[in-house]
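Trainee: Take this structure first; my questions come after.
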Amino acid sequence: MGTEDALTKIGTRRTPQTERSRPDEVVNSAGGYVFPVDDLARLRRFLTLGVDGGTYYVRDVDLAADNATVVTRFAQSDPRTLVDEIVAISVGGRAPKQNPALFALAIAASLADDEGRAYALSKLPEVARTGTMLFQFVTYAQQFRSWGRGLRRAVAGWYTEKTVDNLAYQAVKYRQRDGWTHGDLLRLSHPQTSQAERALLFEWILGKADVAAHRFTTALPLVDAYEQMKALGDAGDVKAIAEIVAAQPGIPWEAIPDVAMNSTDVWQALLGNGVPQTALMRQLPRLTNLGLATGDTGKQIALQLQDELRLVKGRIHPMQVLVALRTYASGHGARGHQTWDPEARIIDALDAAFYTAYKAVEPTGERMLLALDVSGSMTAPIADLPLSAREATAAMSLVTANVEDNYEIVGFSGAAGLSKLTISPRQRLDDVMSYVQGLPFSGTDCALPMLWAQKRRLPVDAFVVYTDSETWSGQIKPYQALREYRDTMGIAAKLVVVGTTSTGFSIADPDDAGMMDVCGFDTTVPNVISDFIRQTI
């Protein structure tokens, strides 16, 4: 009786994803074999995506430890490149959260050589732009080093290099965070100044200035306004607080006494002076409940939300807009019991702001298949935001679809197979996210987009796959499936892998110039995808 020839099971053109086909492959968290990304790619993923919330397979503490190892390796071998990447991503507003950049800068300022530490600390004002960021940086730094001369000098410089008006704003707006106050840092860093206004501000921060004896109107008008409002708040005089807000541009909402936080007059005064973009998005529920999201004021809010210059100046990341949109459109907060009736004009403005937050993308004119991994692992949140990876990538794919004429959008998930998704840039993003979140899911097979296109003989110039690369369920590797597609169709199709987690995995073959791995949710990604497909990079 004959037996099956076992030799027919061995080959390099088709390999089950749970088996190694090349020596340079590594096993991912789901048990499939994929390619490792290099340290620079891993660093960029960490700076953009962070580790908060972990992934579907990896706890946040384990993911943090893995990424900290990469950052530490950079700090000890190439601190200047590390710091330059931190500055580029942080200053460019390319990440939805700043914690990873502050953490990485703290490592560079602690574990690099003397020159590297000095270079990292010299960039502190650029990366830690607000009081909250400074407090967070100091917290991270103390996990790796003590208060030496370099750290004291850098923190002191943060307080002496800002303009007095800017520093007063920081002191009034960000009074404490993570157990730190500005007074704590002033006592530790001992900044010196010959400017009378700055010296007076230091005294006020330290609680040494006699508020009753000093009137700060000329030297420190913002501090003066804050002290007046505090006294008026104790007296319950909301009308007088509104008058001060109207007369003193630049007062942050955090400086408003609690008794006046739900005053229509106060918020009209704040809006008239220009509420910063991030604060405006966070306060939309309150403004709606106060009746300010309708009429002329509602029009003003809607225009500001989608104002390109304000988005750029505020370093507003598209994912921040997406979170604001999803929260606002839901009509209730993720925490607490606050509810509101969403205004369509505001939802439309947030929708437009999402696309505006990405820089203009050059269309490729090529045939594209935008393939969303909607498997189980993609239901995990990104960067600890109230957004799943599948929701965020659906929105991100629409940025590319918005400028392209020849594309298909599909979703794939292991045993559930692959199907076209009925989403387009003409739909509201909150509807798109609801639709995608409701799709069925199973295991991950990232070869499906190429196999599906090959079976249907669909001409594709570029596959853009949005995934965490935790692929494992297929009987052929994704890079092998792309090779088969190229051979069958006679098309030199490219593959762009948009990574959605800060793990070290990718399905892109590093030896194939027609494949590229990019970091998802970096604001530069849609342009990088376009440039790669158009062969301008």
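The values are calculated or read from the model by the stated rules, or taken from the named source; none is laboratory data. In this text the structure is predicted, and so the values were computed from the model without any measurement. Cβ: placed from backbone, ideal geometry, glycine included. Neighbour counts: every protein chain shown. What goes into the accessible areas is simple: the full protein's heavy atoms, side chains included, and nothing from ligands, DNA or RNA. Shrake-Rupley method; radii C 1.70, N 1.55, O 1.52, S 1.80 Å.
Trainee: When averaged across all projection directions, what area in nm² does the alpha-carbon convex hull of the chain cover? Display every interim value, and only then the final one.
Mentor: Working: hull surface 114.0 nm².
The number I arrive at for the chain is 28.5 nm².
Trainee: Once ligands and nucleic acids are excluded and a 1.4 Å probe is used, how much of residue 428 is accessible, expressed in Å² to the nearest 10?
Mentor: 80 Å²
Trainee: Going by Cα centres, segment 327-395 and segment 420-466 are how many Å apart?
Mentor: That distance is 16 Å.
Trainee: Quick one: accessible surface of residue 281, probe radius 1.4 Å, all protein chains present, in square angstrom to the nearest 10.
Mentor: That residue has around 20 Å² of solvent-accessible surface.
Trainee: Could you give the size of the charge dipole of segment 453-537 about its Cα centre, using +1 on the Cβ of each K and R and -1 on the Cβ of each D and E, expressed in debye and rounded to the nearest 20?
Mentor: On the way: 8 positive and 11 negative charges, 91 e Å.
Charge dipole, segment 453-537, about its Cα centre: 440 debye, nearest 20.
Trainee: Then there's this: Using +1 on the beta carbon of Lys and Arg, -1 on that of Asp and Glu, and nothing else charged, what's the dipole of the chain about the Cα centre, debye to 20?
Mentor: Details: 53 positive and 62 negative charges, 57 e Å.
For this selection, approximately 280 debye.
Trainee: In the chain, if the dipole is taken from +1 on Lys/Arg beta carbons and -1 on Asp/Glu beta carbons about the Cα centre, which of 527, 71, 264 is farthest to the positive end?
Mentor: 71
Trainee: Here's something else I'd like to know. Which angle from 0 to 90°, rounded to the nearest 10, does the C-alpha axis of helix 318-330 make with the longest principal axis of the chain?
Mentor: 80 degrees
Trainee: Just reorder 162, 239 by solvent-accessible area, largest first, 1.4 Å probe, all chains present. Intermediate results must be reported in sequence, preceding the final value.
Mentor: Values: 162 30, 239 145 Å².
Final ranking, largest accessible area leading: 239, 162.
Trainee: Rounded to two decimals, what is Rg over Rh for segment 483-528 when you use alpha-carbon atoms and the Kirkwood radius? Walk me through the intermediate numbers first.
Mentor: Working: Rg = 12.2 Å, Rh = 11.9 Å.
Rg divided by Rh gives 1.03.
Trainee: When the accessible area of the chain is split by element with a 1.4 Å probe, what percent falls to carbon and sulfur? Numbers along the way, then the final one.
Mentor: Details: 11250 of 23000 Å².
Of the solvent-accessible surface of the chain, carbon and sulfur hold 49 percent.
Trainee: How much length is gained if the chain between residue 406 and residue 143 is pulled fully straight, taking 0.36 nm per residue apart and subtracting their Cα-Cα distance, in nm to one decimal?
Mentor: Working: separation 263, 0.36 × 263 = 94.68 nm, distance 5.09 nm.
Stretched out fully, the residue 406 to residue 143 stretch lengthens by 89.6 nm.
Trainee: Return the Rg/Rh ratio of segment 120-195 with Cα-based radii and a Kirkwood Rh. Walk me through the numbers on the way to the answer.
Mentor: Values: Rg = 11.4 Å, Rh = 12.4 Å.
Rounded to two decimals, Rg over Rh is 0.92.
Trainee: Give, rounded to the nearest 20 debye, the magnitude of the charge dipole that segment 367-476 has about its Cα centre when Lys and Arg contribute +1 at Cβ and Asp and Glu contribute -1 at Cβ. Numbers along the way, then the final one.
Mentor: Values: 8 positive and 12 negative charges, 93 e Å.
Once rounded to the nearest 20, the dipole reads 440 debye.
Trainee: Additional query: Nearest 5 is fine: what % of DSSP beta bridges in the chain come out antiparallel, could you say? Spell out each step's value before the answer.
Mentor: Working: 12 of 34 bridges.
If I count the DSSP bridges inside the chain, around 35 percent turn out antiparallel.
Trainee: Kindly provide log₁₀ I(q)/I(0) values, in the same order as q = 0.12, 0.14, 0.22 Å⁻¹, from the Debye equation applied to equal alpha-carbon scatterers of segment 361-454.
Mentor: Scattering profile of segment 361-454, log10 relative to I(0): -0.36, -0.49, -1.14.
Trainee: Leaving out ligands and nucleic acids, and using a 1.4 Å probe, what accessible area per residue does the chain come to in Å²? It would help to have the intermediate numbers written out before the result.
Mentor: Values: 23000 Å² over 537 residues.
In whole numbers, the chain has 43 Å² accessible per residue.
Trainee: Under a 1.4 angstrom probe, counting protein chains only, how are 197, 404 ranked by accessible area, largest first? List each step's numbers first, then the result.
Mentor: Working: 197 80, 404 15 Å².
The ranking, largest first, comes out as 197, 404.
Trainee: Okay, next question. What area, in nm² and to one decimal, does the C-alpha convex hull of segment 49-144 cast on average over all directions? Provide the component values of the computation, followed by the final result.
Mentor: Details: hull surface 23.0 nm².
Its Cα hull, projected and averaged over all orientations, spans 5.7 nm².
Trainee: To the nearest 10 Å², what's residue 379's accessible area with a 1.4 Å probe?
Mentor: Accessible area of residue 379: about 40 Å².
Trainee: Exactly which GluC sites (Glu not before Pro) in segment 1-107 are in a DSSP loop and have at most 12 other Cβ atoms within 10 Å? Don't skip to the end; give the middle numbers.
Mentor: Values: sites: 4, 19, 25, 85; in loops: 4, 19, 25.
Those that pass, being in a loop and sparsely packed, are 4, 19.
Trainee: A further question follows. Throw me the Rg/Rh for segment 140-180, computed over C-alpha atoms with Kirkwood Rh, two decimals. List each step's numbers first, then the result.
Mentor: Numbers: Rg = 12.1 Å, Rh = 11.7 Å.
Result for segment 140-180 is an Rg/Rh of 1.03.
Trainee: Just name one of 110, 124, 81: the one whose Cα is farthest towards the positive end of the charge dipole of segment 43-167 (beta-carbon charges, Lys/Arg +1, Asp/Glu -1).
Mentor: My answer, from the dipole projection, is 124.
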